[in-house]
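The structure under discussion appears below in the form of structure tokens.
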Amino acid sequence: MKRRSRRPEPHRGYRPPSNVDSEVRLSRPIRAYGDELDVIPLRRATLKDLKRMEAAGLNLAALATGDLSSLTTDALTEFVVHCGNIPRGSAEQIDLADWSEVVDAWLDMFAGDEEDEDGDPTSPTTGESSPRT
């Protein structure tokens, strides 16, 4: 009797979201689905994503007034996991220095890219100008 060999499962690898809106560049790569990522493409957040973030502690009413205290790492992890299509364990590998990029990406998505009269981006929470670098 001939033994059938089992075919190995094909490497699925990381699959970025199909409708990428922005991306977070990482100073230190992370591993996701067996692949090394130095950029996390992000799709635009949906109401379902905001509900997940609220469940993780995000307070949208406070955020709308400029209070960023509810923008917790748990809420941002939900954002990266669902909008970046990466596992939670991969999101937890993001270097602390790169979390500011995650915050900026989320705030840009939440408030939109506003510009002042000089064409410089403005802070979505304070409205203050922040010159391009």
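Check off (1) surrounded by 15 or more Cβ atoms within 10 Å (Cβ to Cβ); (2) in a loop (DSSP other than H, G, I, E, B); (3) modelled with pLDDT of 85 or more for ASP98 and give me the number that stays unchecked.
(2)
Return only the number of the condition from (1) assigned to a strand (DSSP E or B); (2) aliphatic (A, V, I, L, M); (3) at pLDDT below 90 that ALA105 does not satisfy.
Answer for ALA105: the failing condition is (1).
Out of region 17-56, which residues are of a type in the set (D, E, K, R) and not in a strand (DSSP E or B)?
Within region 17-56, ARG44, LYS48, ASP49, LYS51, ARG52, GLU54 qualify.
To keep it simple, each residue is scored yes or no on (1) modelled with pLDDT under 90; (2) surrounded by 10 or more Cβ atoms within 10 Å (Cβ to Cβ).
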residue	(1), (2)
PRO8	yes, no
ARG15	yes, yes
VAL20	yes, yes
ARG28	no, yes
ALA32	no, yes
LEU47	no, no
ALA61	yes, no
ALA64	yes, yes
LEU68	yes, yes
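The values are calculated or read from the model by the stated rules, or taken from the named source; none is laboratory data. The model shown is predicted, which means the values in this text are computed figures rather than measured ones. Cβ coordinates were reconstructed from backbone atoms using ideal geometry, including for glycine residues, and neighbour counts include every protein chain displayed.
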